[in-house]
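The values are calculated or read from the model by the stated rules, or taken from the named source; none is laboratory data. Since we're looking at a predicted model, the values are computed, not measured. When we count neighbours, we look across all protein chains shown, and the Cβ atoms used for this are built from the backbone with ideal geometry, even at glycine.
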Amino acid sequence: MMNYKKIILLTILTLFINNLIGQDKYIHYTKPGYELNYNVNNPDKLWKLPNNLREISGLSFSEDNKLACNQDEKGNIYIFNLKKGEVTKKIDIGDDGDFEGIEIIGNNAWLVKSNGTLFRVKGYLGNNPKVKEYNTKLKKKNDVEGLGYDPMYNRLLIACKGHPYLEEKSGKEFKAIYSFDLETKELNLKPVLLVTMDSIKFYKDYNTMASLGMELLAYFDDAKGDLSFQPSGIAVHPITGNIYMVGSVGNLMLVLSREGDVLAMVDLRSRFHPQPEGICFSKDGTLYISNEGDDEKGSIMRFKPISKPISND
């Protein structure tokens, strides 16, 4: 537990770094030859959420015109009807705790807690859904924050906000993505992808003082590590297969190839994305991002693909 002096120091450092970086500056990086087909700072539709989804933390495409959502504190699945703009169904899986992600695969819903525990809700839309729990090797220190489905390998992708490894070794310089095989129901004990924090800082073009500030923040909160980017949601694009991640810490959207190359990196402006927590796609590639509320309601935004890449303007 951090004492109050450390909390005050962390707050001062964070404010100082934000001023150095320019928090509202729009940063757009794309790898040569790659075109990002979404303007994530210009939604074409926005839905405000009810109070029970103020702390929305996960998002998945459920069926036509419907999204499945979950929130931090309760083991509930909320079905949000996009046409009606309201929650039309709530499924209680009978477990409370820190739920961070949701993924719909056929008739099954999968949820994940921050400690890495997975829950399969079989027949989630039926009258008698069956819940089964799977204990992975991930722990509280890994701080799971995102869950996505990779259909190419029939596996779940699990994004970790905290320590990147299962074993005790230094890992401040990475953020990890693990995979859970849906056939064997087992976790791959090695990360399938590691995001290098140095590459994030490079593309963000931090100056010397901002980089030093980030190092100090990582020093004071070793479990979290580098605060340049911490994933809070993950999804696989249904057409390209690229991996998209959003991070409420760092306010970024990151696009990775399957090999882990950074294809694009965009600042998520706080005007639209005060706390980005969930990300998913519909089958046609329409992008949805959810934001947790604080003093305001939570929200879901829609971004239709555009015909040409966005600019820095």
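Overview of results
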| quantity | calculated |
| --- | --- |
| The stretch 166-189, subset at pLDDT below 95 and assigned to a loop (DSSP other than H, G, I, E, B), residue surrounded by the most Cβ atoms within 10 Å (Cβ to Cβ) | Gly171 |
| Subset of the stretch 150-165 [under 20 Å from Phe119 (Cα atoms) and either at pLDDT below 95 or in contact with a Lys or Arg (Cβ under 8 Å, 6 or more places away or on another chain) (or both)] | Ala159, Cys160, Lys161 |
| Filter result (among the hydrophobic types (A, V, I, L, M, F, W, C) and over 23 Å from Thr184 (Cα atoms)) within the stretch 100-128 | Leu125 |
| Any hit, the stretch 190-207, residues being touching a residue at least 24 places away in the same chain (Cβ under 8 Å), over 24 Å from Lys31 (Cβ atoms), of a type in the set (Phe, Trp, Tyr) and outside any helix (DSSP H, G or I) | no |
| Test: residue in the stretch 79-99 that is among the polar types (S, T, N, Q) and within 21 Å of Val236 (Cα to Cα) | no |
| Residue that is under 20 Å from Lys204 (Cα atoms), free of Cβ contacts under 8 Å to residues at least 24 places away in the same chain, surrounded by 15 or more Cβ atoms within 10 Å (Cβ to Cβ) and under 16 Å from the mean Cα position of the chain (by Cα), where the choices are Pro274, Pro231 | Pro274 |
| Cross-chain or 6+ apart pairs with Cβ under 6 Å, the stretch 90-112 first and among the basic types (Lys, Arg), then part of a strand (DSSP E or B) | Lys90/Asn76; Lys90/Tyr78 |
| Boolean, Asp284 is modelled with pLDDT of 90 or more, surrounded by fewer than 19 Cβ atoms within 10 Å (Cβ to Cβ) and assigned to a loop (DSSP other than H, G, I, E, B) | yes |
| Every residue from the stretch 119-134 that is part of a strand (DSSP E or B) and surrounded by 14 or more Cβ atoms within 10 Å (Cβ to Cβ) | Phe119, Arg120, Val121, Lys122, Val131, Tyr134 |
| Total residues in the stretch 24-79, condition within 28 Å of Ser114 (Cβ to Cβ) and assigned to a strand (DSSP E or B) | 23 |
| Residue satisfying all of: in the stretch 135-151; assigned to a loop (DSSP other than H, G, I, E, B) and not charged (D, E, K, R); nearest to Asn108 (Cα to Cα) among these | Pro151 |
| Residues (surrounded by fewer than 19 Cβ atoms within 10 Å (Cβ to Cβ) and of a type in the set (S, T, N, Q)) located in the stretch 287-307 | Ser307 |
